1. I need the full set of residues from the stretch 51-61 which are within 26 Å of Leu174 (Cα to Cα) and either in contact with a Phe, Trp or Tyr (Cβ under 7 Å, 6 or more places away or on another chain) or modelled with pLDDT of 90 or more (or both), in order please.
2. Please determine whether any residue of the stretch 16-23 is under 20 Å from Leu182 (Cα atoms) and hydroxyl-bearing (Ser, Thr, Tyr).
3. What pairs can you find where one residue is in the stretch 245-262 and over 12 Å from Ile228 (Cα atoms), the other is in a loop (DSSP other than H, G, I, E, B) and aliphatic (A, V, I, L, M), and their Cβ atoms are less than 7 Å apart, with a gap of 6+ or different chains?
4. When the residues of the stretch 4-49 are filtered to those that are more than 24 Å from Lys173 (Cα to Cα), of a type in the set (A, V, I, L, M, F, W, C) and modelled with pLDDT under 85, which remaining residue is nearest to the chain's Cα centre (by Cα)?
5. Would you please name the residue that is modelled with the highest pLDDT, looking only at residues in the stretch 309-341 that are touching a strand residue (DSSP E or B) at 6+ places or on another chain (Cβ under 9 Å), part of a helix (DSSP H, G or I) and among the polar types (S, T, N, Q)?
6. Spot the failing condition for Val139; the list is (1) surrounded by fewer than 16 Cβ atoms within 10 Å (Cβ to Cβ); (2) part of a loop (DSSP other than H, G, I, E, B), and only one is missed.
7. Mind checking which residues of the stretch 103-124 are within 20 Å of Ile155 (Cβ to Cβ) and at pLDDT 80 or above?
8. Being within 23 Å of the chain's Cα centre (by Cα) and surrounded by 12 or more Cβ atoms within 10 Å (Cβ to Cβ) is the filter here, so list the residues in the stretch 185-209 that pass it.
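The values are calculated or read from the model by the stated rules, or taken from the named source; none is laboratory data. This structure is a prediction, so every number in the text was calculated from the model and none was measured. Neighbour counts run over all protein chains shown; Cβ positions are idealised from the backbone, glycine included.
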Amino acid sequence: MQLDERKLKILRAVIRNYLETGEPVGSRTISKYTDLNLSSATIRNEMADLEELGYILQPHTSAGRIPSDKGYRLYVDELMQKEREVDEMKEMLLEREEKMEQLLKQVAKVLAVNTNYATMISAPSYQSNKLKFIQLSRVDTHQILAVVVVEGNIIKNNILNLEEALDDETILKLNILLNTNLSGLTLEEINLGMIAKLKQQAGIHSQIVADVIDAVADAIKADEDLEIYTSGANNIFKYPELSDGEKASEIISTFEEKQMLTSLVNDTLEKSQEKGIQVYIGAETPVQSMKDCSVVTATYELEEGMKGTIGIIGPKRMDYEKVVGTLQNLMKQLDSIYKKT
């Protein structure tokens, strides 16, 4: 018999609580651990069904329940299924990222040719991440791989060094401990009290928990290695007011080094709550080397909240109507193309 979602949630809650406390779990406790808003009587009935089906046991009369081997098996199988999904997701994302990189480079090039201005476009990134899943697996006797998956299906791999080898059972227990307590949380929700509790539960493996949480924090933080693709920087020389040796050199350097363009991307994303156009004239731009330019940016948004920035940089006398119209049309096309890749 396949369990319905309500029974699954109650079973997961029994297992999570028992893993945490080592004590039999009662219906009143479960009512605090689920989002079902069910009465203790209803939960008791569901637990009775789970016991009849062999997923939980009552070790003593009038005591709460504990997971059976069958219950643990279902829980572990769900965990292993997530691991398989992560592996499949990594393969798909690698292929998709290659296609996206080619597409964005082509977009920047076409945009520069069509407008005769300099252009930039940032790869899409997720702006407010929650942890989806952690997968620990052995690399060798003194290293494990921690795969951290956050919303937007962003995957970060981290190699953690071990002082002593871990067996498969210990790695599985650490996977269960971390995923049970951290999945679905933002960085702000993973507080010091929670970390201390996890380290205590991990016992002699507390350092591994600390290292994994550091990896989670690194994955959830805004992407510091933001990919930005540029084209048409030499178009700047077509405009006398920008072709002065020092001015042109600063602008070209900005396009080549790209770090300063990150501040433009971040400023655009912060100001644009929805898809829209931002126009920076002269000193309004956050990029000092572009104070003699006008910069028009657009925020495009893809599935699962992934956002990126398209920008066109030219003289203050640029054709604003044409540029804004081009960006509006391009955003629609980019959204459509990306969702098909």
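1. The answer is Gly54, Tyr55, Ile56, Leu57.
2. yes
3. The qualifying pairs are Ala248/Leu242; Ile251/Leu242.
4. Leu36
5. Per the stated criteria, the residue is Thr326.
6. Status for Val139: all satisfied but (2).
7. Across the stretch 103-124, the qualifying residues are Leu104, Ser122, Ala123.
8. Selection gives Leu185, Thr186, Leu187, Ile190, Met194, Ile195, Leu198, Ile208, Val209.
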